[in-house]
Amino acid sequence: MRPSHQLPLLGLLLFSLIPSQLGQICEVSKENCSYLNPLVNTMVNSNYIKGIQSANILLTLRLVGIQNQRLEQQLTQQIQEDTNRRESEITSGELALVILALGACKNLDEEFIRDAHLVSKLGEKFKAEIENMETHSGNPLTNYYQLSLALLTLCLSDGSYSITNVIPYFTPENKNYYFGGQFSVDTGAMAVLALTCVKRSIEKEKIEADKKDLNKTNVYITSLVNKILSAKHDGLFGNIFSTGESMQALFVSSNYYKNEGNCQETLHTVLYNISQGAFHLPIAAAQILPALMGKTYLDVNKDCSSVCSPVKFNISTDKPVTVTPIISPSYISVNYSVQINETFNSTRVTVRKGSVFLDVMKAAQKQNEAAFRFKTEDSPWGPYIISVQDIRANNNDRTYWELLSNGQPLSQGAGSYIVKNGEYLEVRWSKY
Ligand code: CBY
């Protein structure tokens, strides 16, 4: 064969040997890095974030190559102290994030992971999730987003898990991918990342598996990717808060972003939302930023840097200024009700303009303690309503307090959603 004929053939062969060619990255261009400034500032100024919640922030800072030693040290220390203190109550997904963050991008904190045996402890947590499913009608202790995070981390840290035992739980038919009958895009995206890691390990023969396991893994990935793509509107997948992790899932497992138009559509909408302040919560910023810089959680074991790094952000370390209005505040009034099965308790409350859902709940509680008393728990996304009238949400029964406005479920939590005059707000005892 003449050399001119061999060359394209060789190229074809090489191409087919590189599996990562499948995915296509969609990231902001170098000139546009400054659009990401608000996200970085939100994360860097997130000093008030406590303990394990910082793991998501540290993971992102490292993954996208933002170097700020003082901040990294502070976050690392917080995470380690909290992991030691809360060891038994820490959940599978939290521990997974701790391992991912501390181990990210080849740094010295790996020692802590090893000395505290975090990976084998994660293996135990994962087992406990599966055992709970066996004894509580298929319901895990936490949820499939966390189970996926745990599988992803076990896979990336060469932890022990049996493919043949684990894979069947991740079939796209499993009810845990759905909340109230609707596909949870966040959950699906995290599962695609985990299953793609597993698939690559099988292909590299890093783990033992038979052909059937590999086939199943491929089928599940394809089906989950299709569900994510079906949840698309205006370039977003699910909603704005599930889009970052969906982009990561699409990068590693589909050709969707081979089409430049698809990429521009997503970036355009996300950058617009950044400018509108949609990512004011540090966790929201941390979950979208890696994808915008062309990174996925599967990159944690590599040396990390990105288009925008070494980061040329003008990181301001000042606390954001809260504006106090000089003119007397104006008030709005809203309707608020608590629904338990067929029973409604309704009222009308007056709150300051700019108040959030939680302020309305507090005002109602003040009016009528018996009907409207409630309790919250801190979560990375702000206060989570854990009980109303002492009726408590329970993962084993898949019960929770759902937040609605004018009959529609909200896509923000009680501490973030800003209420409008005349709105009908509701907390409803629901099953997911
Ligand atoms: N993280 C987790 O374990 C959470 C996983 C997650 C899929 C998460 C969304 C996605 C993410 N990126 O973190 C999730 N929500 C879950 C699993 C749940 C269930 C929690 C119980 C369980 N089994 O673990 C449940 C009950 C179905 C649920 N979310 C409820 C709610 C409502 C909370 C109301 C309340 N009682 O306070 C609410 C407000 C929906 C509603 N209308 O009632 C809700 N979730 C929302 C809006 C969200 C989004 C938050 C967006 C925001 N800006 O505040 C979310 C990002 C998230 C957090 N939920 Co849930 C989804 C989205 O809109 N894209 C891992 C751990 C280590 O931290």
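The values are calculated or read from the model by the stated rules, or taken from the named source; none is laboratory data. Remember, it's a predicted structure, so these values are computed and weren't measured experimentally. Every residue, glycine as well, gets a Cβ built from its backbone with ideal geometry; the counts of neighbours run over all protein chains shown.
Summary of computed values
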read-out: Set Lys212, Lys227: member being farther than 24 Å from Leu39 by Cα, over 19 Å from the mean Cα position of the chain (by Cα) and not hydrophobic (A, V, I, L, M, F, W, C); value: Lys212
read-out: Residue count, the stretch 198-221 (criterion: β-branched (Val, Ile, Thr), in contact with a helix residue (DSSP H, G or I) (Cβ under 8 Å, 6 or more places away or on another chain) and without any contact (Cβ under 8 Å) to a residue 40 or more places away in the chain); value: 2
read-out: Single match in Leu36, Leu71 (criterion: free of Cβ contacts under 8 Å to residues at least 40 places away in the same chain, crowded, with 17+ Cβ neighbours inside 10 Å and assigned to a helix (DSSP H, G or I)); value: Leu71
read-out: Test: residue in the stretch 354-374 that is more than 30 Å from the chain's Cα centre (by Cα), touching a residue at least 60 places away in the same chain (Cβ under 8 Å) and either farther than 30 Å from Gly51 by Cβ or in a strand (DSSP E or B) (or both); value: no
read-out: The stretch 413-432 - residue that is among the hydrophobic types (A, V, I, L, M, F, W, C) and more than 21 Å from the chain's Cα centre (by Cα) and, of those, farthest from the ligand (Cβ to nearest atom); value: Val419
read-out: Odd one out for Gln53 among (1) surrounded by 17 or more Cβ atoms within 10 Å (Cβ to Cβ); (2) modelled with pLDDT under 95; (3) more than 19 Å from the chain's Cα centre (by Cα); value: (3)
read-out: Residue satisfying all of: in the stretch 130-142; within 11 Å of the ligand (Cβ to nearest atom) and under 24 Å from Ile113 (Cα atoms); farthest from the chain's Cα centre (by Cα) among these; value: Leu141
read-out: Scan of the stretch 88-126 for residues that are more than 15 Å from the ligand (Cβ to nearest atom) and either of a type in the set (S, T, N, Q) or in a loop (DSSP other than H, G, I, E, B) (or both), ordered by number; value: Ser88, Ala104, Cys105, Lys106, Asn107, Leu108, Asp109, Ala116, His117, Ser120
read-out: Criterion (within 12 Å of the ligand (Cβ to nearest atom) and within 18 Å of the chain's Cα centre (by Cα)) met by exactly one of Leu147, Leu156; value: Leu147
read-out: Criterion violated by Tyr144 - all others in (1) surrounded by 15 or more Cβ atoms within 10 Å (Cβ to Cβ); (2) touching a Leu at 6+ places or on another chain (Cβ under 9 Å) satisfied; value: (2)
read-out: In the stretch 360-412, residue farthest from the ligand (Cβ to nearest atom) [restricted to those that are small (Gly, Ala, Ser) and closer than 27 Å to Ile240 by Cβ]; value: Gly407
read-out: Pairs with Cβ under 9 Å, 6+ apart, first in the stretch 226-242 and touching a residue at least 40 places away in the same chain (Cβ under 8 Å) and among the basic types (Lys, Arg), second in a strand (DSSP E or B) and more than 8 Å from the ligand (Cβ to nearest atom); value: Lys227/Phe183
